Amino acid sequence: MLNDLKIFNTLTRQKERFEPITPPYVGMYVCGPTVYSDVHLGNVRTFLSFDIIYRYLTHLGYKVRYVRNITDVGHLESDADEGEDKIARKAKLENLEPMEIVQRYTLGFHKVMDLFNILPPSIEPTATGHIQEQIEMIRILEDKNLAYEVNGSVYFNVNKYNETNRYGLLSGRKIDDLLAGQRELNAQDDKRNREDFALWKKASQEHIMKWNSPWGKGFPGWHLECSVMSTKYLGKTFDIHGGGMDLKFPHHECEIAQSVGAYQQAPAKYWMHTNMLTVNGQKMSKSLGNSFLPEELITGSHQLLDQPYSPMTVRFFMLQSHYSSTLDFSNDSLKAAMKGYLKLSNGLKIARSLKFHEKQVAVNEKQVEEIDQLCDQCYAAMNDDFNTALTISHLFNLLKNINNLHTGKLNASDLGEKTFNKLIDTYLIFVQDILGIKEETLENHEHLLDILLDFYREAKSQKAYDKVDMIRGRLKEIGIVLKDMKNQIDWAYEE
Ligand code: AMP
Ligand code: ZN
């Protein structure tokens with residue numbers, strides 16, 4: 001299976017056979033969150049897409065070193081190179097240390113990742129933990145004449161870079177396009193050309209998050225941290241670099257220019273970009289006011305939501321589309337996703353309960369072939385640039401067979417032990433390990449216990465002591481003690 005995987009490389013704009021630089025190791029870098037506000041559901045979609053890629057590569061047997069950074073310098077959020085540091089602004093507003101803001105939102109981000117069963121990366125480096133390395137990379141660029149200093153700020157010289165390289169390879173944009181989005185330079189601007197971008201910015205007196213550097217007190221530019229941390233942990237050229245589509249330009253384009261400029265090596269072999277979660281066709285984003293937070297989704301407390309939706313319903317909803325397509329949020333599709341998720345989830349319970357006991361040797365060749373094909377189709381779909389949407393439709397076909405085994409419409413003996421096990425294993429592995437879908441625990445388990453206590457009371461009043469003992473015994477097996485007191489009956493966890 002290893003050699004069948006194909007990935008759409010946004011750099012070459014082609015689907016390419018995946019050949020890691022040093023198999024069986026795979027280096028993957030994904031741009032992580034900025035930690036001065038809560039992550040919204042759009043961000044979740046991007047991190048979920050890379051979670052699937054991480055899970056599937058791992059399943060195929062690759063040893064993946066997955067690096068996802070934390071952007072904890074609230075520096076230049078745009079290439080305008082101006083404005084207040086977002087983390088510092090929040091810290092001032094709330095009378096906190098910037099690092100308290102960073103800590104709060106980093107913990108919040110981790111909670112959200114856990115909620116949606118998104119696995120932690122192998123390394124989660126922070127921008128503030130790598131200031132020294134960022135300074136060193138600027139020094140290299142200065143040595144190569146690709147960076148220049150003006151008044152304590154350092155800029156990347158895009159035109160100079162373009163003399164020997166091509167800026168814009170990834171996004172297909174030219175310097176003229178870059179200029180289109182920029183206002184004219186004025187006397188207060190330090191940079192020489194509009195297209196240049198900041199590597200280091202001089203900090204004003206009031207600026208809180210600043211560090212010493214050869215150019216005075218300042219802070220690193222937006223694009224630099226990813227170049228530095230990916231190089232440090234994965235090498236100058238590594239396998240996969242990813243992020244949301246909106247990072248392709250200018251963020252990733254600038255990363256390429258920095259790495260090629262400093263080391264004459266392209267940073268990544270495969271570039272992967274996930275598409276956006278939209279609301280009524282518009283990108284979900286905080287600034288547009290159409291974003292909602294995971295907890296609003298779970299409680300249903302948002303004007304866009306008809307009802308609450310569970311995290312696994314949302315996970316399933318997102319996996320029903322390919323990562324490279326836009327996905328539009330709607331209550332109808334979430335409601336449909338809830339049904340789909342519950343079907344898959346019920347299938348997990350059934351699949352685990354089924355055991356092969358038969359002795360018969362003759363099998364139904366047609367059935368065996370059908371199941372073999374279905375299992376292979378699951379791999380084929382994932383191998384085709386991680387097509388989770390198609391994989392799910394094949395899993396539903398596998399599930400039909402599992403349900404038929406459960407109800408007796410299909411005999412395990414018709415499949416034979418090998419195919420029977422293949423059916424069950426493929427279903428469990430794909431749903432749980434590769435798609436990361438898990439059963440959600442019953443929130444109403446206390447109500448279930450109350451119902452059981454009612455049965456106990458009834459059995460006791462009818463003097464059906466065998467039933468009374470059975471209920472007590474079965475509860476004990478799961479660590480619950482039934483407390484039959486003078487005036488009331490209750491339950492407690494066994495101490
Ligand atoms: P940020 O914290 O804003 O840098 O975003 C973190 C990640 O989420 C980046 O990879 C973004 O490209 C991605 N992202 C932001 N908005 C959306 C959206 N509406 N849909 C999918 N991904 C998004
Ligand atoms: Zn980045």
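Data for the structure
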item	result
Search result, residues across the range 280-307 that are within 20 Å of the chain's Cα centre (by Cα) and either buried (at least 20 other Cβ atoms within 10 Å of the Cβ) or not β-branched (Val, Ile, Thr) (or both)	Lys283, Met284, Ser285, Lys286, Ser291, Phe292, Leu293, Pro294, Glu295, Glu296, Leu297
Residue in the range 164-180 that is at pLDDT 95 or above and outside any loop (DSSP other than H, G, I, E, B) present	yes
Hey, Tyr493 in contact (Cβ under 8 Å) with a residue 12 or more places away in the chain and touching a Gly at 6+ places or on another chain (Cβ under 9 Å) or not	yes
Within the range 354-386, considering residues that are touching a residue at least 60 places away in the same chain (Cβ under 8 Å) and on the phi < 0 side of the Ramachandran plot, the one surrounded by the most Cβ atoms within 10 Å (Cβ to Cβ)	Met382
Condition check for Asp469: acidic (Asp, Glu) and under 30 Å from Lys339 (Cβ atoms)	no
Candidates Gly218, Gly244, Gly235, filtered to the one that is more than 19 Å from Asp85 (Cα to Cα), more than 16 Å from ligand 1 (Cβ to nearest atom) and among the small types (Gly, Ala, Ser)	Gly235
Residue tally, condition without any contact (Cβ under 8 Å) to a residue 24 or more places away in the chain and of a type outside the set (Gly, Ala, Ser), over the range 399-442	8
Test result for Val314, within 16 Å of ligand 1 (Cβ to nearest atom), of a type in the set (Val, Ile, Thr) and modelled with pLDDT of 95 or more	yes
Pick from the range 103-158, criterion part of a helix (DSSP H, G or I) and among the small types (Gly, Ala, Ser), ranking: farthest from Ser37 (Cα to Cα)	Gly129
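Conditions (1) open to solvent by 10 Å² or more (accessible area, probe 1.4 Å); (2) within 16 Å of ligand 2 (Cβ to nearest atom), marked per residue:
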| position | (1), (2) |
| --- | --- |
| Lys191 | yes, no |
| Leu199 | no, yes |
| Ala203 | yes, no |
| Pro250 | yes, yes |
| Gln258 | no, yes |
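The values are calculated or read from the model by the stated rules, or taken from the named source; none is laboratory data. Just so it is clear, the model here is predicted, and its values are computed rather than measured. No Cβ is skipped: glycine too gets one built from the backbone with ideal geometry, and neighbour counts run over all protein chains shown. Please note that ligands, DNA and RNA were not included when accessible areas were found on the heavy atoms of the full protein model with its side chains. Shrake-Rupley method; radii C 1.70, N 1.55, O 1.52, S 1.80 Å.
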